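Notes follow the structure.
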């Protein structure tokens, strides 16, 4: 079972790489149109040190941005979930904020906090990823059936007892669903800033330098490295979900 | 005899978006200690509001609700509630679900004593061996049994049952009726049962209160004679048929379909 869970996706990835290689070979595409997997290996070999340091830069800033999004998004979701007035007040603002394409905010933030490279990268990762968390927590809390509340309230339980014993655990499946979306969004945020920001760091900056130097295999190598990091983070979230909200999975 | 629950001339009006909505208008219900009162009435007449009054989740505009001689002014730990929706917590085992009230209410019992009591209650309702299962692994009837245990774990003075068997199939429901009698013999309680099922009301209760249509007042009260241990056979006697006829007529009056006629 476990072997199958690892072998099947690995085989799928290998098949994907072979098809990619074949496609480039059959079409006779030059590197500047599309690099093939066999071109990427020399790029990783040449720049492996850069990939490690830049990959780490991207990873830690994404994770910090995501953690901030979890804290802020949960708090905002709680406020909107428990108070009808706050929900009515904040929803339009929140939706409007989310509707603004973050690609347009990136240059503004880059200018506002010029030189504060870690800060503005984390800020964008945070801004792009807190929305799903806030919405899911607020919906989870506001749709709590009144009987759940009454069963504890009738015994004289406090609001915080109701929150910790019932509302919070009951919202966890929705929370993790949102977190899976947010984790990939946070990645996009980090990379947007890394690409746009001058003298940037991280995989986005490496991508940008590949572009400036017309090193096409490097650009594709960065994309694959990003995909790899994204998969790793995603499965960390899945593992957390299994630990904390495994009860919601009915397939077992 | 002093009544454990005394509801006297209660009036209450909800303020809704479309104006004031009177729900209770002259409600009178008395339940002696150890008594079992069933409340029946047309849909939407305010039966659930009554349960919230007794639980202290709602304070009436006028009139008073007394439990054990003390005026109800807010939630107190001495009630247990069970609803049509069993509202078990999916992330807890059945045993931990039953133990939930003891995490809120102060109890002199040790942890082992609490667990022993929960196991005893579960065994009493026929859920022995299911202590470590999750709610999702149980059938609807079994969930209601677990919910019943949870409402009794802290030995409440008043058990409030808001249509707990309403969503079950007829056979499961009859099973649970018998379980209720078994539980009451072992774990005496005072209960108010809200129901739509007249057979259920005369099988379980020793007094049936019929509420009028909204705004609800106490329209009629029927005493169910004490026949000792009740079995399902009791529902098919001429006496039971007569009681059901009287109640059915009272419901039709409450619905405004027929004028009241004089009955015995």
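Being under 28 Å from residue A:133 (Cβ atoms), in contact (Cβ under 8 Å) with a residue 60 or more places away in the chain and surrounded by 14 or more Cβ atoms within 10 Å (Cβ to Cβ): is that true of residue A:70 here? Lay out the reasoning, then the answer.
Values: under 28 Å from residue A:133 (Cβ atoms): yes; in contact (Cβ under 8 Å) with a residue 60 or more places away in the chain: yes; surrounded by 14 or more Cβ atoms within 10 Å (Cβ to Cβ): yes.
Judged against the criteria, residue A:70 is a match.
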Being under 28 Å from residue A:246 (Cα atoms), away from chain A (no Cβ under 11 Å) and surrounded by 19 or more Cβ atoms within 10 Å (Cβ to Cβ) is the filter here; which residues of segment B:131-178 pass it? B:141, B:142, B:143, B:144, B:145, B:146, B:148, B:149
In the set A:96, A:65, A:55, A:81, which member is crowded, with 18+ Cβ neighbours inside 10 Å, at pLDDT 85 or above and farther than 17 Å from residue A:205 by Cβ? A:81
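Of the residues A:23, A:17, only one is surrounded by 10 or more Cβ atoms within 10 Å (Cβ to Cβ), at pLDDT 85 or above and under 25 Å from the mean Cα position of the chain (by Cα); which? Spell out the reasoning first.
Working: A:23 fails: under 25 Å from the mean Cα position of the chain (by Cα).
A:17 is the lone residue from the list that is surrounded by 10 or more Cβ atoms within 10 Å (Cβ to Cβ), at pLDDT 85 or above and under 25 Å from the mean Cα position of the chain (by Cα).
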Need the failing condition index for residue B:201 against (1) within 14 Å of chain A (Cβ to nearest Cβ); (2) under 21 Å from the mean Cα position of the chain (by Cα), just the number. (1)
Enumeration of residues in segment B:37-59 that are closer than 26 Å to residue B:250 by Cβ, out of contact with any helix residue (DSSP H, G or I) (no Cβ under 6 Å at 6 or more places or on another chain) and not in a helix (DSSP H, G or I): B:37, B:43, B:44, B:45, B:46
Taking segment B:223-259 only, how many residues are surrounded by 17 or more Cβ atoms within 10 Å (Cβ to Cβ), in contact with a helix residue (DSSP H, G or I) (Cβ under 9 Å, 6 or more places away or on another chain) and assigned to a helix (DSSP H, G or I)? 5
Single unsatisfied condition, residue A:247 versus (1) within 14 Å of chain B (Cβ to nearest Cβ); (2) within 23 Å of residue A:126 (Cβ to Cβ): (2)
Of the candidates A:238, A:222, the one satisfying the condition of being within 27 Å of residue A:47 (Cα to Cα) and assigned to a helix (DSSP H, G or I) is A:222
Hey, does segment B:161-178 have a residue that's touching a residue at least 60 places away in the same chain (Cβ under 8 Å) and farther than 30 Å from residue B:252 by Cα? no
Out of contact with any strand residue (DSSP E or B) (no Cβ under 8 Å at 6 or more places or on another chain), away from every other protein chain (no Cβ under 14 Å) and surrounded by fewer than 21 Cβ atoms within 10 Å (Cβ to Cβ): does that describe residue A:193? no
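In this structure, does residue B:77 turn out to be within 17 Å of residue B:153 (Cβ to Cβ), within 14 Å of chain A (Cβ to nearest Cβ) and surrounded by fewer than 14 Cβ atoms within 10 Å (Cβ to Cβ)? Let's see the steps before the verdict.
On the way: within 17 Å of residue B:153 (Cβ to Cβ): yes; within 14 Å of chain A (Cβ to nearest Cβ): yes; surrounded by fewer than 14 Cβ atoms within 10 Å (Cβ to Cβ): no.
Criteria not met by residue B:77.
Which of the residues belonging to segment B:213-264 are under 30 Å from residue B:11 (Cα atoms) and free of Cβ contacts under 8 Å to residues at least 12 places away in the same chain?
Taking segment B:213-264 as the starting set, the residues that turn out to be under 30 Å from residue B:11 (Cα atoms) are B:213-224, B:243-264.
Within segment B:213-264, B:245, B:252, B:257, B:258, B:259, B:260, B:262 meet the criteria.
Is it fair to say residue A:138 is buried (at least 22 other Cβ atoms within 10 Å of the Cβ) and closer than 30 Å to residue B:77 by Cα? Step through it out loud before you land on a result.
Numbers: buried (at least 22 other Cβ atoms within 10 Å of the Cβ): yes; closer than 30 Å to residue B:77 by Cα: yes.
Yes: the conditions hold for residue A:138.
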Of all residues making up segment B:90-112, the number that are in a helix (DSSP H, G or I) and surrounded by 14 or more Cβ atoms within 10 Å (Cβ to Cβ): 11
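The values are calculated or read from the model by the stated rules, or taken from the named source; none is laboratory data. Just so it is clear, the structure is predicted and the values come from calculations on it, not from any experiment. Backbone-built Cβ (ideal geometry, glycine too); neighbour counts: all protein chains shown.
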